[in-house]
Amino acid sequence: MAFAGTGSIWMNGSLVNWADAKIHIMSHVVHYGSGVFEGARCYDTPKGSACFRLQAHMKRLVNSAKIYRMEYSLEVEGFCQAVLDTIRANGFKSCYIRPLVYRGYGAPGVNPLASPVDAAILCWEWGQYLGPEALEKGVDVCVSSWARSAPNTFPTAAKATANYASGQLIKMEAVLDGYSEGIALDVAGHVSEGSGENIFLVRDGVIYTPPLSSSVLQGITRDSVITIARDLGYEVREEALLRESLYIADELFFVGTAAEITPIRSVDKIVIGPGHCGPITKTIQARFFDIIEGRSPDSHGWLTYVYPEASSADTKNREKVVSG
Ligand SMILES: Cc1ncc(COP(=O)(O)O)c(C=O)c1O
């Protein structure tokens, strides 16, 4: 059954009813995957609804568009404002946020430059991506037979719709084989990431995650988890990881906007550590949820409040996004 969205979708500056938000079948993006997008979340905190790392997400969107030579009339602040307007128009307390910049209806053929650049922002209420019990009990995953794309094929620094052709192959194989998710290796055989999540490994008290050169998306949750772990006094290393290091890890977990921080309890049917959420994963997960749900101080300025009555002090503390 089709997903029943509600409310309004922002399309090139206008709010359009969910059911009427349509594009032409000849649009370039439909044929050639010429889109870049974001996935962010708005949480219902005790101080009001707040978007998590909105500026960082919109900066990545603008950078993804730049890599694909897509020029649009909004920059980071304009997209942030449009996201806030869309959430307000829909009256959501918490929601998933999906901005999309894409090549619309112009000319036929691969060359995207003759098709216009359009943008949309969709919001909907979305629960746990890997299932309601996943955050606590963990998920069973496999190593995918599909490798991530090699550097200099699809740029992993861009969150492009086309990248998700690879993600779909990884996800379908995993699900059809009875797993929740697949972990892909890069073309050198090192651990890369899940179809929609970055991965972390714990061994002998040290936390590891693959470097950006292992064909991973530069995840904003990944960056937040590295920051939180270092704040908590853990050593975090970004280094190439062998496939077998997954099997002998003390703890493993996925991170991402949709998956948040989800423990992995088995890989290829090999039980990881205690077979449930390990102590370091639990500590980082607790701090992450305390920040995003407003129980811990937002010391890194990661929350942007949506409705005007929310604390102005926290708005002043907002994260500064560096260029690049
Ligand atoms: C392939 C891939 N890796 C990692 C992530 C996690 O990134 P983020 O934490 O910015 O959501 C995502 C989610 O967008 C993803 O699609």
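The values are calculated or read from the model by the stated rules, or taken from the named source; none is laboratory data. These figures come from a predicted structure and were not determined experimentally. As a convention, Cβ positions derive from the backbone with ideal geometry for all residues, glycine included, and neighbour counts pool all protein chains shown. SASA here: full protein model, heavy atoms, side chains in, ligands and nucleic acids out. Shrake-Rupley method; radii C 1.70, N 1.55, O 1.52, S 1.80 Å.
Charge tally for residue 27 (other residues, Cβ to Cβ under 13 Å; Lys, Arg +1; Asp, Glu -1): +1. Long hydrophobic helices in the chain: the complete DSSP H runs spanning 18 Å or more by Cα along their own axis with mean Kyte-Doolittle hydropathy of at least -1.0 are 54-67, 76-90, 279-292. Under 5 Å from the amide H of residue 268 lie the amide H atoms of 141, 142, 143, each residue being 5 or more positions distant or on a separate chain, with H modelled from the backbone and absent for Pro and chain starts.
Highest mean first, the peptides 248-258, 65-75, 140-150 sorted by other C-beta atoms within 10 Å per residue fall in the order 248-258, 140-150, 65-75. Summing charges over neighbours of residue 225, with a neighbour being any other residue whose Cβ is under 14 Å away from its Cβ, gives -3 when K and R count +1 and D and E count -1. Each peptide in 217-229, 288-300, 118-130 gets a packing score, the mean of other Cβ atoms within 10 Å over its residues, and the list from highest to lowest is 217-229, 118-130, 288-300. When each of the peptides 191-200, 79-88, 259-268 is scored by the mean number of other C-beta atoms lying within 10 Å of its residues, the order from highest to lowest reads 191-200, 259-268, 79-88. Note on region 1-54 and region 148-176: Cα centroid distance 21 Å, given to the nearest whole angstrom. Solvent-accessible area per residue in region 49-125 equals 41 Å², computed with a 1.4 angstrom probe and all protein chains kept. Between 302, 135, 192, the Cα set farthest toward the positive side of the dipole of the chain (charges on each charged residue's Cβ, about the Cα centre) is that of 302. Roughly speaking, what % of Cα-Cα pairs in the chain are separated by over 35 Å, rounded to a whole number? When every Cα pair of the chain is considered, 20 percent fall beyond 35 Å. Counting only Cβ charges, +1 for Lys and Arg and -1 for Asp and Glu, the dipole size of the chain around its Cα centre is about 560 debye. Normalising the Debye intensity of region 1-73 to I(0), with uniform scatterers on Cα atoms only, and taking log10 at q = 0.20, 0.27 Å⁻¹ returns -1.21, -1.26. Summarising the amide proton neighbourhood of residue 257: residues at separation of 5 or more, or on other chains, whose placed amide H is nearer than 5 Å comprise 221.
How large, in Å, is region 32-146 by the Kirkwood hydrodynamic radius built from its alpha-carbon pairs? Value: 16.1 Å, from the Cα pair sum.
Quick one: which residues, 5+ away or cross-chain, put their amide H under 5 Å from the amide H of residue 193? H built at 1.01 Å from N. Excluding prolines and chain starts, which carry no amide H, the hits are 184. Just the protein heavy atoms count here, and of the accessible area of the chain at 1.4 Å, carbon and sulfur take up 55 percent.
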